[in-house]
1. How about segment 209-244: which of its residues are surrounded by 15 or more Cβ atoms within 10 Å (Cβ to Cβ), polar (S, T, N, Q) and more than 33 Å from the chain's Cα centre (by Cα)?
2. Go over the candidates T164, T225, T174, T257 one by one and state the one that is at pLDDT 85 or above, among the polar types (S, T, N, Q) and over 24 Å from A116 (Cβ atoms).
3. Counting only residues that are among the polar types (S, T, N, Q) and under 16 Å from A57 (Cα atoms), which one in segment 3-45 is modelled with the highest pLDDT?
4. So, I93, is that one exposed (fewer than 10 other Cβ atoms within 10 Å of the Cβ) and assigned to a helix (DSSP H, G or I) or not?
5. Just one of (1) surrounded by 10 or more Cβ atoms within 10 Å (Cβ to Cβ); (2) at pLDDT below 60 trips up F156, so point out which.
6. Can you say whether L59 is more than 40 Å from the chain's Cα centre (by Cα) and either modelled with pLDDT of 65 or more or in the same structural domain as H200 (by TED's automatic domain parsing) (or both), as far as the supplied structure shows?
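The values are calculated or read from the model by the stated rules, or taken from the named source; none is laboratory data. Every value quoted in this text rests on a predicted model; they were computed, and no experiment measured them. Cβ placement follows ideal geometry from the backbone for every residue including glycine, while neighbour counts extend to all protein chains displayed.
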Amino acid sequence: MDQHPIPRQITTFEFKLIGFLTLRQFLYLLISFPLAFVIFKILPIPIFNIIFAVLTASLGLGLAFVPINERPLDVWIRNLAKRLTSPTQYTYIKQHAPIEFLRNLIFSSDPHRVLAHVDSQEKLTTYLSKTSKNASPFDEKKREIASLLQNPASLFAPKTVQPTPAASDTALPTPPPAPIAFTSLSSEKKPFFTGIVKNHKLIPLPGILIYVRNEKSEVVRLLKTNPHGIFATFNPLPPGIYEFEVKDLKDAYFFDTMKIPIGETNPKPLEFYSKELL
């Protein structure tokens with residue numbers, strides 16, 4: 001069987017320059033033993049001078065000849081001092097300015113600001129649609145298709161053709177055709193009762209649950225407000241006094257439980273306000 005040399009770490013290898021001692025071991029012994037002798041002579045207390053002199057000499061011997069896990073003792077002492085003096089918590093400090101096109105962007109989780117943005121976009125779209133004067137033929141075609149989809153009965157309406165007057169006839173003003181009345185195919189269903197939930201600053205609250213209970217404390221309706229804070233039900237209820245319990249799933253707003261009479265027709269919407277003071 002062939003024998004191969006074992007790889008060794010040669011970058012940290014220390015040559016023995018002074019007898020069987022390396023230069024590092026020789027310096028530790030050269031410093032520790034004279035220092036122990038000086039402590040033995042200078043310290044006036046007989047017992048303590050011997051103890052401190054022996055400890056100093058032992059420290060020099062340990063630094064020179066006692067490795068722990070193949071590491072010299074001075075490496076362990078150096079790592080311990082570095083660990084005790086180094087910080088244990090680090091704080092990230094941003095030093096660069098944000099990107100230019102991201103400075104004016106607003107990232108918000110507040111539903112009120114989001115609703116205000118959506119409402120302003122809807123108003124802007126409505127205003128632009130009303131003020132557009134120069135409509136293209138493509139837009140006119142889209143309007144005709146939309147009107148046909150809303151009122152498909154106009155597709156089968158008879159068209160009146162006006163006769164072209166002869167050249168010898170006297171040109172008389174043609175009366176406009178009488179408008180044709182069409183009945184709506186689907187009648188609009190009105191809600192049985194509606195309501196709105198707001199906080200003390202009169203801001204509508206979305207996602208609020210409304211429990212409607214009868215006289216037996218049974219839940220007959222469970223409603224939820226839309227992004228504009230409005231709730232409604234289309235299924236009628238028997239006339240009577242019902243208990244309305246309003247709850248916020250996030251426990252950010254609190255409401256009183258109220259008893260409200262409900263009739264056959266309820267044209268006036270219900271209004272609920274939170275009772276926090278801050």
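1. Of everything in segment 209-244, just one residue is surrounded by 15 or more Cβ atoms within 10 Å (Cβ to Cβ), polar (S, T, N, Q) and more than 33 Å from the chain's Cα centre (by Cα), namely N214.
2. Exactly one residue qualifies, and that residue is T257.
3. S32
4. no
5. Failing condition for F156: (1).
6. yes
Condition check ((1) part of a loop (DSSP other than H, G, I, E, B); (2) in contact with a Gly (Cβ under 7 Å, 6 or more places away or on another chain)) across all residues:
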| site | (1), (2) |
| --- | --- |
| V212 | no, no |
| L222 | no, no |
| H228 | yes, no |
| F231 | no, yes |
| K247 | no, no |
| A252 | yes, no |
| I260 | no, no |
| E264 | yes, no |
